[in-house]
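The structure under discussion appears below in the form of structure tokens.
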Amino acid sequence: MEYEAVIGLEVHLQVRTASKIFCSCANRFGEEPNTLVCPVCLGYPGVLPAVNKQAITKTIAAGMMCNCEIAGYSKFDRKNYFYPDMPKNYQISQYDLPLCQNGSVRIEGVGFSGDEIPRRHIGVRRIHLEEDVAKSIHVGSYSVIDFNRAGVPLMEIVSEPDMTSPDEAHAYLTELKQMMHYADISDCDMEKGQMRCDVNVSVRAVDNPGFGTKVEIKNLNSFRAVHRALSYEIERQKELLEESAAVEQETRRWNDEEGVTTLMRTKEEAHDYRYFPEPDLMPLQISADMREEIRRNLPESPASRRERFVQEYAITAYDAQVLTGEKALADFFEEAAAASSAPKRVANVIMTEFLGWLGDQGKTVRESPVGPEAIRELVSLVENETISMKIAKDVFSEMMETGKAPGDIVEEKGLQQVTDQSVIESYLQQVVQENPSVVDDYKSGKEKALKYLVGQVMKLSQGKANPQQVNDRLRDMLSQ
Amino acid sequence: MGQGNGTSHIDVRYVADLARLELTDEEVEKFQGELESVLTYVDTLSRLDLSDIEPTAHANPQANVWREDGASESMCRDDVIRNAPDSAEGKYIRVPPIIEE
Amino acid sequence: MDKNIATLSFAHAAELLREGQISSRELVQALLSRVDVHDEALGAYLSVARESALSEAEEADARRQKGEQLSPWDGLPISVKDNIAVAGQANTCGSKILEGYTSPYDATVVRRLKDAGCIVLGRTNMDEFAMGSSTEHSAYKPVANPWARSCVPGGSSGGSAASVAAGEALAALGSDTGGSIRQPAAFCGVVGLKPTYGAVSRYGLVAFASSLDQIGPLTKTVRDSAVLYDLISGPDPNDATSVPDAATGVSGVFDSGLSLEGKKIGMPKEFFDYEGLSAEVREKVQNAAEALEQRGANVKEVSLPYNEFAIAAYYIIAPAEASSNLARFDGIRYGRREVAEAAGRLLETYRLSRGKNFGEEVKRRIILGTYVLSSGYYDAYYLRAQKARTKLREDFARVFEECDVLLTPTTPSGAFRMKQVTEPLQMYRSDIFTISANLAGIPGISVPCGFTETEGLPVGAQFLAPHFAEKEMLRVAAAYEQASPAAGCYPDVTETDG
């Protein structure tokens, strides 16, 4: 029997703002416990919420990045439940009129497993804005609460159950994160809890029109964990189905060390959230002008940038996927490539040398000691044959270390490629004279011997001879 | 749902559980009777034809009442701890163990 | 001093201060002395800020001596209902559950009063979380009506009303969700103003029903209510429901004379035909109508057919909002926590902390409110009530096309005896004349208009006006006050015994 998985994701993203959603406490991570709190976010008697416009603006921007319909009329509601991390014992959230609905996220490219993902659109059912809850820490016989996180603006992004594989779920999350970075909406750092993800997955026989039984997975702390947990869970459910056993509707916890999901609870407790319109806040009317202004400030989406890079710079789809992975990197590449005669070579230098160097140094693109113009200049030095690719590597290391312009480095160190015919000719003479046996080897048909001789000439020229020229001349010379 | 036994409106014990209120048996019985009559009274609203009527959520509705994003000083943690019935290390509010999530 | 402090108004006290006839310290001291003598019997205060009031009074006196007073009201003491936050003070809301809590911040109204140099004298008693019409539901002690100690002062701002009536305060702030300023004002023979919803910031008022609550003054005169309204009103960035277009400078009406020529006063017939309206109250309010006519007003009968549904709508909306607003009182971050020993301790902590420390009326309303919001019942109750609320608003809008101000009784009867009303529904129905103003969000004021013949208890006339028409309403109320047979009458608190 053939099976297919049906996957839906519920993602919570903290919105990056200066202050919390309903009070002016700073929205910052990593401070001393209970120092970013005030009567409002502690739910003290008598306080009222004052909503942060920026949180609304950024949620709308997130909706636009996901191609959502933006509500003309929206409002906040109270979701009532008792929990120590929820200061008021109700969460100000959005129930029936979320800010954004009916969007989609495009996924494509090379998946986490290395396989190609066909281009698809994953539906985004809704995006709403709410307040984050406090952080509770369990200390054995009791728990302690840090309210610094309480009241941080939080978006809930609910997908349609449109994904069919762990790769697609991973790609959806990656795309979402990229878009949020591009538009400066969220930092999406899962380790800091800025991005949290719950997964719903069911498996059904391909020829079965109905849905399988849905299982929810929690405690997913990385995209990799999402991928692994889904792979595990889909297999588990398949095996059950194959044994004709029933999949239970339940919530399971991902155990990252052991690579398994384990049962958390079988039955969803009967929640009765008693939603009603938040009387302390006025409704939102999102005018066409406001929408237009937000749209004007949106960046190009990573998907359209990928497409454009392939067209404008003649790079491969894979290269474009890598280069648009981060907005700062895409900007860097584009600035370097735009005025370059060899954008493809620029892409190569950035993907291999530049990213390699940053990776070794543990630095981000923004922390690069040189700007994109340095890469462009380096590539053009190779293009106009001032230096060889080999020398270019040395110049690259030097410029990353010193921050100097590549042209200056070449000038200072006299690294210009030797193209003077007579100088090269003298190197050739010397090498041929010093290596008679190798010359004989070549003449008797050992092609490899030529490589050695070229190497010797390059060595003699301290790498400054043009290797192609040396190769061609040697061949000529020895064939005579 | 656990509500609506026979002709009565409300299952006081179930609702008190939702509201996290410990009630004595006497209270449950008393409230049951009193709230039945209140609910019977408020049922007079069902006499009104309210089709096509917009609900009023705010006495004086406005829209887009928001503030600009900007952070300012938070309150002193000592005051937070002083008001708390139980605390830990002078920096956390302490609660009974939160089992599960 | 003690004799006339009892009848001294807020505005008059300001004059005495300006003229140097009295110091702020003397004023505060005189009030504290009256509290010391009378409040054990009355129970109007839950706490008195003796030391801070005296030291702030001295500071105010020092400012005045240097000619640096913050406002004409600098150095005037005022009492506030215990559900309004004052930094460094308790804020019990008349409940055990908030015992031990100290507010770290000032309510916006308190900040505005302090900015004008006013001094918080003490915190007045109230029905727990403002739920009640008698102040018998205070978790600490009941309040006696200064006119007859066996009677209730009304509620929930019973402590505020009694303190003003008994001369233990120059003026006081209260809160009004369904009549909680106007009804005790009527029962205690003082003036009580509920402003238009949104005119006064609710920031720092411990919420009962967010869409209905409004802070307002209880005073000896209409002028004092106008003065205090001007001091505390105006938009507040901390309260999204405060409005930018609230009435301002309403005390200005006293400068322009109080002519009622051409004013149209409506008397809603459903109010006067109400079966529970006592004949005495009806008569006193009809007398008030005549007095207004004599001053040139044009009085006519109008109709508010939907008013009979007001109580039903109110007792859905108010408890629903309250059930959510009061969820935060759980013994976790502040207030009283009952240590639960049983297994599942967290759940038990919630249940016991709330079950043991909320009073009966509060629990009753939380259960009612939780029920009407619960799954499957929202449309039948809450949504329907909100629609009925729309009908009520439309009712008022239509009536205010025909008239400027409405005149009604504030309450169906004079103050009732303590423990006389035990049936919740009976208590709820006594709010019949005040509740609709909260549902519609319009302003209302109760002005003394006489006394019952049988028991000599105060009777209040209520004026209602369109949104933001406080000025018109106060003009009519003040004009009437000049003609009222009850004006300038104060109880003799040394002898009253009911």
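The values are calculated or read from the model by the stated rules, or taken from the named source; none is laboratory data. Treat the numbers as computed from the prediction; the structure is a model and nothing was measured. Counting neighbours? That spans all protein chains shown, and the Cβs are built from the backbone with ideal geometry, glycine included. Just so you know, the surface numbers come from the protein's heavy atoms only, side chains and all, with ligands and any DNA or RNA stripped out. Shrake-Rupley method; radii C 1.70, N 1.55, O 1.52, S 1.80 Å.
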Worksheet item: How are the C-alpha pair distances of the range A:3-289 spread across 5 Å bins, as whole percents from the shortest bin up?
Response: 1, 5, 11, 15, 17, 16, 14, 10, 6, 3, 1, 0
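Within 10 Å of each Cβ in C:417-429, how many Cβ atoms from other chains are there, averaged over the peptide?
On the way: counts 0, 0, 0, 0, 0, 0, 3, 6, 7, 1, 0, 3, 1.
For this peptide, the per-residue mean of nearby foreign Cβ atoms is 2.
When the expected Rg is taken as 2.2 N^0.38 Å, what fraction or multiple of it is the alpha-carbon Rg of the range A:300-413?
Output field value: 1.02.
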Response to the item:
Shape descriptors of the range C:1-91 over alpha-carbon atoms, Rg and Dmax in angstrom, are 13.5, 40
Item to complete: Find how much the distance from residue C:301 to residue C:402 grows on full extension, using 0.36 nm per residue of separation minus their present alpha carbon separation; answer in nm with one decimal.
Response: 35.4 nm
Worksheet entry | 13 Å beta-carbon shell around residue B:46, net charge (K/R +1, D/E -1) | 0
Fill in: Computed log₁₀ I(q)/I(0) - Debye formula, equal Cα scatterers, no solvent, the range A:421-479, q 0.12, 0.19, 0.27, 0.28 Å⁻¹
-0.22, -0.57, -1.17, -1.26
Worksheet, complete the sentence: For the pair A and C, the solvent-accessible area buried on both sides (1.4 Å probe; DNA, RNA and ligands excluded), in Å² to the nearest hundred, is 2800 Å²
Discussion item. Please compute the modelled spin-label separation between residue A:433 and residue A:448, points set 7 Å along Cα→Cβ, answer in nm with one decimal.
Written reply: 2.9 nm
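Given the -39500 (n - 2.57) contribution per DSSP H run of 4+ residues, what per-residue ellipticity at 222 nm results for chain A, rounded to the nearest 500 deg cm²/dmol? Provide the component values of the computation, followed by the final result.
Values: 16 runs with 186 residues, N = 480.
Rounded to the nearest 500, the figure is -12000 deg cm²/dmol.
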Practice prompt. Pairs of Cα atoms under 8 Å, at least six residues apart: use those to get the relative contact order of chain A, whole percent.
Written response: 14 percent
Practice prompt. Highest first, please rank the peptides A:349-357, C:444-452, A:431-439, A:11-19 by the mean number of other Cβ atoms sitting within 10 Å of their residues.
Written response: C:444-452, A:11-19, A:349-357, A:431-439
Item to complete: Determine, from the Cβ-Cβ distance of residue A:53 and residue A:364 and an R0 of 30 Å, the FRET efficiency 1/(1 + (r/R0)^6), rounded to the nearest 0.05.
Response: 0.50
Practice prompt. Work out how much length residue C:96 to residue C:59 would gain on full extension: take 0.36 nm times their residue separation and subtract the Cα-Cα distance, in nm to one decimal.
Written response: 9.9 nm
Discussion item. For the protein assembly as shown, give me the percentage of DSSP beta bridges that are antiparallel, rounded to the nearest 5 percent.
Written reply: 80 percent
Worksheet, complete the sentence: Note: the range C:226-373 at 4 °C, 1.567 mPa s; Kirkwood Rh on alpha carbon pairs; Stokes-Einstein D in µm²/s works out to 63 µm²/s
Worksheet item: Among the helices of chain C (complete DSSP H runs), which have Cα atoms covering no less than 27 Å along the helix axis and a Kyte-Doolittle mean of at least 1.0?
Response: none
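Can you give the charge dipole size of the range C:310-386 about its Cα centre, rounded to the nearest 20 debye, using +1 on the beta carbon of Lys and Arg and -1 on the beta carbon of Asp and Glu?
Working: 12 positive and 8 negative charges, 39 e Å.
Computed charge dipole of the range C:310-386: roughly 180 debye.
Which whole DSSP H helices in chain A pass both tests: a Cα extent of 15 Å or more along the axis and a mean Kyte-Doolittle value no lower than 0.0? It would help to have the intermediate numbers written out before the result.
Details: long enough: A:53-65 (18 Å, 0.39); A:166-182 (24 Å, -0.84); A:223-242 (28 Å, -0.68); A:302-313 (16 Å, -1.57); A:327-338 (16 Å, 0.33); A:372-383 (16 Å, 0.41); A:389-402 (19 Å, -0.06); A:421-434 (20 Å, -0.21); A:447-460 (21 Å, 0.22); A:467-479 (18 Å, -1.17).
The qualifying helices are A:53-65, A:327-338, A:372-383, A:447-460.
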Discussion item. Test of understanding: express the Cα radius of gyration of chain C as a ratio to 2.2 N^0.38 Å, with N the residue count.
Written reply: 0.92
Discussion item. For the ranges C:96-108, C:204-216, what's the packing order if you count other beta-carbon atoms within 10 Å of each residue, average per peptide, and put the highest first?
Written reply: C:204-216, C:96-108
Worksheet item: Roughly what angle does helix B:25-42 make with the longest principal axis of chain B, taking Cα atoms, 0 to 90 degrees, to the nearest 10?
Response: 60 degrees
Worksheet item: Residues of C:90-99, mean number of Cβ from any other protein chain within 10 Å of their own Cβ, rounded to a whole number?
Response: 1
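Looking only at other chains, what is the average number of their beta-carbon atoms within 10 angstrom of each beta-carbon in A:140-150?
Numbers: counts 1, 3, 10, 10, 10, 10, 3, 5, 1, 0, 0.
Averaged over the peptide's residues, the number is 5.
Whenever you get a sec, compute what percent of the accessible area on the range C:310-386 sits on carbon and sulfur atoms (1.4 Å probe). Provide the component values of the computation, followed by the final result.
On the way: 880 of 1830 Å².
For the range C:310-386, the apolar C and S fraction of the accessible surface comes to 48 percent.
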Item to complete: Could you list the residues of the range A:197-222 with an amide nitrogen less than 12 Å from a label point located 7 Å from the Cα of residue A:249 in the Cα-to-C-beta direction?
Response: A:212-216
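Please compute the contact order of the range A:52-176 in relative form: average sequence separation of alpha-carbon pairs under 8 Å and at least six residues apart, divided by the residue count, as a percent. Please report the intermediate quantities before stating the final value.
On the way: 254 pairs, mean separation 29.5, N = 125.
The value is 24 percent.
What per residue convex hull volume, in Å³, do the alpha-carbon atoms of the protein assembly as shown yield?
Values: hull volume 243.3 nm³, N = 1079.
Dividing the Cα hull volume of the protein assembly as shown by its residue count gives 225 Å³.
Would you calculate a helix-derived [θ] at 222 nm for chain C, using -39,500 (n - 2.57) for each DSSP H run of n ≥ 4 and dividing by the full residue count, to the nearest 500?
-11500 deg cm²/dmol
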Worksheet item: What is the range A:29-150 by shape, rounded, prolate or oblate, if you read a ≥ b ≥ c off the alpha carbon gyration tensor as root eigenvalues and call it rounded for a/c under 1.5, prolate for a/b larger than b/c, and oblate otherwise?
Response: oblate
Worksheet item: Using the Cβ atoms and a cut-off under 10 Å, what net charge is assigned to the surroundings of residue C:18, where Lys and Arg are +1 and Asp and Glu are -1?
Response: -2
Worksheet entry | Relative packing of peptides C:175-185, C:428-438, A:247-257, A:290-300 - highest average C-beta neighbours within 10 Å first | C:175-185, C:428-438, A:247-257, A:290-300
Worksheet item: For the residue pair residue A:242 and residue A:408, what label-to-label distance in nm results when each label sits 7 Å from Cα along the Cα-to-beta-carbon direction?
Response: 6.5 nm
Worksheet entry | Modelled label reach - residue C:264, point 7 Å along Cα→Cβ, the range C:288-315 residues with backbone N closer than 17 Å | C:293, C:296-305
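Find the relative contact order for chain B and round it to a whole percent, using C-alpha pairs within less than 8 Å whose residues are 6+ positions apart. Mind showing how you got there, number by number?
Working: 39 pairs, mean separation 12.6, N = 101.
The value is 12 percent.
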Response to the item:
Sorted by number, the cysteines in chain A with no other cysteine beta-carbon under 4.7 Å are A:23, A:25, A:38, A:41, A:66, A:188, A:197
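Compute the FRET efficiency between residue A:328 and residue A:383 as 1/(1 + (r/R0)^6), taking r as their Cβ-Cβ distance and R0 = 35 Å, and round to the nearest 0.05.
Working: r = 25 Å, r/R0 = 0.73.
It comes to 0.85.
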Item to complete: Measure up C:194/C:264; A:75/C:391; A:344/A:443; A:79/A:214 against 26 Å on the Cα-Cα distance and list the ones that go over.
Response: A:344/A:443
Discussion item. Checking the a/c ratio against 1.5 first, then a/b against b/c, what shape does the Cα gyration tensor give for chain A?
Written reply: prolate
Worksheet item: What are the ³J(HN,Hα) values, in whole Hz, obtained from phi via the Karplus relation 6.51 cos²θ - 1.76 cosθ + 1.60 with θ = phi - 60°, for each residue of the range A:18-32 in sequence order, with x given for Gly and Pro?
Response: 6, 10, 5, 6, 10, 8, 9, 5, 5, 8, 9, 9, x, 8, 3
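Using a simple charge model, +1 on the beta-carbon of Lys and Arg, -1 on the beta-carbon of Asp and Glu, nothing else, what dipole does the range A:123-264 show about its Cα centre, in debye to the nearest 20?
Values: 16 positive and 27 negative charges, 46 e Å.
In debye, rounded to 20, the range A:123-264 gives about 220.
Where Lys and Arg each count +1 and Asp and Glu each count -1, what net charge lies around residue C:422 among other residues with Cβ under 12 Å from its Cβ?
Numbers: positive: B:30, C:417, C:419; negative: B:34, C:136, C:360, C:361, C:423.
That works out to -2.
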Worksheet item: How far is it, in nm, from the label point at residue A:316 to the one at residue C:273 when both lie 7 Å from their Cα along the line to the Cβ?
Response: 8.8 nm
